[in-house]
1. Pull out the extension gain between residue 253 and residue 51, defined as 0.36 nm times the separation in residues minus the alpha carbon to alpha carbon distance; nm, one decimal.
2. Sticking with the crude label model, points 7 Å out along Cα→Cβ, report the distance from residue 105 to residue 8 in nm, one decimal please.
3. Among 174-185, 100-111, how do they line up from the highest to the lowest mean number of other beta-carbon atoms within 10 Å?
4. Order of 63, 1 from fewest to most other C-beta atoms within 10 Å?
5. Please report how far the C-alpha centroid of the stretch 112-181 lies from that of the stretch 245-274, rounded to the nearest whole angstrom.
6. Could you please rank 118, 39, 95, placing first whichever residue has the fewest other Cβ atoms within 10 Å of its Cβ?
7. Specify the residue with the greatest mean-square fluctuation among 256, 218, 240, computed from a Gaussian network of the chain linking alpha-carbon atoms under 10 Å apart.
8. For the stretch 89-204, place one equal point scatterer on every Cα, skip the solvent, and apply the Debye formula. What is log10 of I(q)/I(0) at q = 0.10, 0.11 Å⁻¹?
């Protein structure tokens, strides 16, 4: 079952018209969440990121759209699909109508759930740069809007060329992120990840790792510009996102990487953050 504005509907039921603004203009934001044993992982972080995105996009947030309401609507959808471990997507779009100028800033939402498939810790993970198109550095690029065409094209490129993932660049040719998550480089007991000003998604696992090492000073962690050349100098590179957690890279062109620090993060640090 799919939850549309609080009403549970069969997936075969049409959900929106040709006037849907998410469909016509990409005028929508979304959150992808992991649920384990019926509990939304990083629930508050997802909620507050969603609220911030809606404010930036000048969407009208309903008074009843509280954290409790957010969690209860997800739980209602999980129960209707008899799922305890799930992948959840919540999409919020402005209400139908208008051209570039909307008729209203009020919102609609759709919650979809599916069985959570175990994400393997791949021992061989090869990546490449995606140079065909670039992300424009700026605030809007940090939001999870439904305009993900560069990610789609990078994913097609990776599949056609037998790579596990691709790195996206901005107009300054700086490293931004992977096509499905944030990027970290590790060298000499220091972690580096691109700053939000370079255009990367404001990832939740990314923020958790940064905050953890600010408090636990066993390793340095900084936000700094990363050039493609820096990739070859790293000891380790890894991907972070809510669903997978942490996935280490093993090969980039002729450079190979270790994964001992990535495994330490995945097995010992990440469980502490959830």
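What follows is calculated from the coordinates using simple rules that are stated; it is not laboratory data. No experiment lies behind these values; they were computed from the predicted model shown. All Cβ positions, glycine included, derive from the backbone under ideal geometry; neighbour counts span all protein chains shown.
1. Gain on stretching residue 253 to residue 51: 68.7 nm.
2. According to this spin-label approximation, the distance is 3.4 nm.
3. Values: 174-185: 23.8, 100-111: 15.2.
Averaged packing, sorted descending, gives the order 174-185, 100-111.
4. Numbers: 63 7, 1 19.
Fewest to most other Cβ atoms nearby, the residues stand as 63, 1.
5. If we compute the Cα centre of each part, the gap is 17 Å.
6. Values: 118 6, 39 13, 95 18.
Least to most surrounded, the residues fall as 118, 39, 95.
7. Fluctuation is largest for 218.
8. Result of the Debye calculation: -0.41, -0.49.
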